[in-house]
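Colleague: So that we are looking at the same thing, I have put the structure below in structure tokens.
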Amino acid sequence: MSRPVLHIGNKSLSTWSLRPWLTLKKAGIAFDENVIPLDQEETRERLLALSPAATVPVLETAVGNIWDSLAICEWVAEQSPALWPEDAGLRAIARAVTSSMHSGFAALRGELPMNLQREPTAKDMSVACWADIERIQALWAHVKTGEGPFLFGDWSIADAFFTPVATRFETYCVPLSTEAAAYVQTLLADPVYKDWHAAARLETWDAPFH
Ligand SMILES: N[C@@H](CCC(=O)N[C@@H](CS)C(=O)NCC(=O)O)C(=O)O
């Protein structure tokens with residue numbers, strides 16, 4: 001099979017792209033990557049050529065194009081089951097935590113966009129955004145096993161889903177509990193994430209189209 005191609009958005013901005021990129025790297029699957037700059041005149045046409053969802057990420061494989069970050073991570077996990085916890089109960093909880101991130105925390109996502117080129121500065125936030133921040137910390141405290149630095153001990157797809165959140169907490173100087181702050185530092189110190197971060201810092205792109 002030829003190498004899969006992961007189509008992603010700008011590394012500084014595209015949280016959904018970061019998640020499967022980390023997961024593929026952690027699985028040790030060789031892949032090519034193709035950056036499609038977001039919010040340019042030709043962006044929508046380029047995205048529609050890859051999937052009806054017209055979003056990145058998209059993983060181009062020998063059997064077809066897979067869109068949606070979580071679906072791509074599940075495709076990777078079928079080949080590398082260790083990306084989810086081994087214990088069936090913990091695996092179900094890890095999927096629940098991951099799904100909570102995938103479908104929730106709209107206020108946080110809207111008000112604190114990931115921007116890896118922004119220097120850390122605090123920002124005014126709504127009550128809804130503060131509530132999301134509290135709920136995320138409560139979620140982490142609820143599931144963290146304490147057996148390793150990550151949510152379920154070893155690195156899992158759940159950690160991929162919260163890495164963009166960790167960048168937001170850092171970029172917007174969000175005050176956190178000691179435990180949450182330690183977990184954020186673990187995610188940001190991960191060597192695979194640091195490769196993404198270094199590339200994001202070097203990115204340049206044209207002004208937004210809209
Ligand atoms: N639920 C999707 C969301 C993907 C998404 O919204 N991606 C954004 C970029 S981070 C996008 O492609 N937006 C289309 C655009 O900017 O034209 C997933 O998990 O992959």
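Colleague: Apply 1/(1 + (r/R0)^6) to the Cβ-Cβ distance of Ala62 and Glu33, taking R0 = 22 Å, and write down the FRET efficiency to the nearest 0.05.
Modeller: That pair, Ala62 with Glu33, gives E of 0.85.
Colleague: Also, quick follow-up: The range 178-210 to the range 5-55: how many Å between their Cα centroids?
Modeller: Each part's Cα centre sits 15 Å from the other's.
Colleague: Also: Mean Kyte-Doolittle of at least -1.0 and a Cα length of 20 Å or more along the axis: which whole DSSP H helices of the chain meet both?
Modeller: Qualifying helices, which must be both long enough and hydrophobic enough, are 88-103, 127-143, 157-171.
Colleague: Shape verdict for the range 1-110, please, from the Cα gyration tensor: rounded (a/c under 1.5), prolate (a/b greater than b/c) or oblate.
Modeller: The shape class here is oblate.
Colleague: I've got another one for you. Taking the Cα-to-Cβ direction at Ala198 and at His142 and moving 7 Å from each Cα, how far apart do the two end points lie in nm?
Modeller: With each label point 7 Å from Cα toward Cβ, the separation is 3.8 nm.
Colleague: So what is Rg over Rh here for the range 46-127, counting just Cα atoms and using Kirkwood for Rh?
Modeller: 1.06
Colleague: For the chain, what is the accessible area per residue in Å², given a 1.4 Å probe and the full set of protein chains?
Modeller: With all protein chains present, the chain gives 48 Å² per residue.
Colleague: Ignoring ligands, DNA and RNA, what percent of the accessible area of the range 5-80 is carbon or sulfur (1.4 Å)?
Modeller: Ligands and nucleic acids excluded, carbon and sulfur reach 50 percent.
Colleague: Right, another one. Roughly how many Å is it from the Cα centre of the range 60-74 to that of the range 85-159, as a whole number?
Modeller: Going from one Cα centre to the other spans 23 Å.
Colleague: Give the shape of the range 1-42 as rounded, prolate or oblate, defined through the alpha-carbon gyration tensor: a ≥ b ≥ c are the square roots of its eigenvalues, a/c under 1.5 means rounded, and otherwise the shape is prolate if a/b is larger than b/c and oblate if not.
Modeller: oblate
Colleague: Beyond a 24 Å Cα-Cα separation, which of these cross-linked pairs lie in this structure: Lys26/Lys123; Lys26/Lys144; Lys11/Lys144; Lys26/Lys194?
Modeller: Lys26/Lys123; Lys11/Lys144
Colleague: Identify the trypsin sites (Lys or Arg not before Pro) of the range 101-155 meeting these criteria: DSSP loop state and at most 11 other C-beta atoms within 10 Å of the C-beta.
Modeller: Here no trypsin sites (Lys or Arg not before Pro) fit, given the DSSP loop and packing criteria.
Colleague: Let me ask something additional. Quick one: plug the Kirkwood hydrodynamic radius of the range 82-194 (C-alpha pairs) into Stokes-Einstein at 20 °C, 1.002 mPa s, and report D in µm²/s.
Modeller: Answer, rounded: 149 µm²/s.
Colleague: Moving to a separate point now. Which one of Leu38, Pro113, Ala88 has its Cα pushed farthest toward the positive end of the charge dipole of the chain, where Lys and Arg give +1 and Asp and Glu give -1 at the Cβ?
Modeller: It is Ala88, whose Cα lies furthest towards the positive end.
Colleague: Then there's this: Only Lys, Arg, Asp and Glu count, each charged at its Cβ (+1, +1, -1, -1), so figure out the dipole size of the chain about its Cα centre, rounded to 20 debye.
Modeller: 140
Colleague: Give me P(r) over the chain, computed from all C-alpha to C-alpha distances, binned every 10 Å, as integer percentages.
Modeller: Over the chain, the share of Cα pairs per 10 Å bin runs 8, 35, 38, 18, 2 percent.
The values are calculated or read from the model by the stated rules, or taken from the named source; none is laboratory data. The structure presented is a predicted model; accordingly, all values stated were derived computationally and were not measured. Note that each Cβ is placed from the backbone with ideal geometry, even for glycine, and that neighbours are counted across all protein chains shown. The protein model used for the area step is the full one, side chains on, heavy atoms only, and it has no ligands, DNA or RNA in it. Shrake-Rupley method; radii C 1.70, N 1.55, O 1.52, S 1.80 Å.
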